[in-house]
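Here's the structure we're looking at; comments come further down.
The values are calculated or read from the model by the stated rules, or taken from the named source; none is laboratory data. This is a predicted model, so every value here is computed, not measured. Here the Cβ positions follow ideal geometry from the backbone for every residue, glycine too, while neighbour counts run over all protein chains shown.
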Amino acid sequence: MTFGWLGNALILCGHWLLGRKSRVAFLFTITGGICWIIEGLHISKPDLIFIELVLGCIAIRNFFKWAKHD
């Protein structure tokens, strides 16, 4: 299994958990994004690395913003 497939599985689980209003969903999506960053480094895709870094920052921001409402 490549990091891309693992990343996909984690991101899908994260989105599913987000629909269930589970805060842990952000950790799944962040971890999935890290997998995609590793894959991007492996295949030399700077655009993939960049977008996953941006999406990871947004997920981290949302993780902390969500905590204020718990």
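For region 1-42, enumerate the residues that are within 18 Å of residue 57 (Cβ to Cβ), of a type in the set (Phe, Trp, Tyr) and touching an Asp or Glu at 6+ places or on another chain (Cβ under 6 Å).
36
Looking at 30, 58, which is the one that is buried (at least 18 other Cβ atoms within 10 Å of the Cβ), at pLDDT 90 or above and in a helix (DSSP H, G or I)? Can you show your working first?
On the way: 58 fails: buried (at least 18 other Cβ atoms within 10 Å of the Cβ).
Going through 30, 58 in turn, just one is buried (at least 18 other Cβ atoms within 10 Å of the Cβ), at pLDDT 90 or above and in a helix (DSSP H, G or I): 30.
Would you check if there is a residue in region 39-53 being more than 16 Å from residue 3 (Cβ to Cβ), in a helix (DSSP H, G or I) and of a type in the set (Asp, Glu)?
Taking every residue of region 39-53 in turn, at least one turns out to be more than 16 Å from residue 3 (Cβ to Cβ), in a helix (DSSP H, G or I) and of a type in the set (Asp, Glu).
For region 16-27, how many residues are surrounded by fewer than 16 Cβ atoms within 10 Å (Cβ to Cβ), at pLDDT below 95 and part of a helix (DSSP H, G or I)?
To start, the set of residues in region 16-27 that are surrounded by fewer than 16 Cβ atoms within 10 Å (Cβ to Cβ) comprises 16, 19-24.
Pick out the ones that are also at pLDDT below 95 and you get 19-24.
With the extra rule that they be part of a helix (DSSP H, G or I), the set shrinks to 19.
Summing the residues that are surrounded by fewer than 16 Cβ atoms within 10 Å (Cβ to Cβ), at pLDDT below 95 and part of a helix (DSSP H, G or I) in region 16-27 gives 1.
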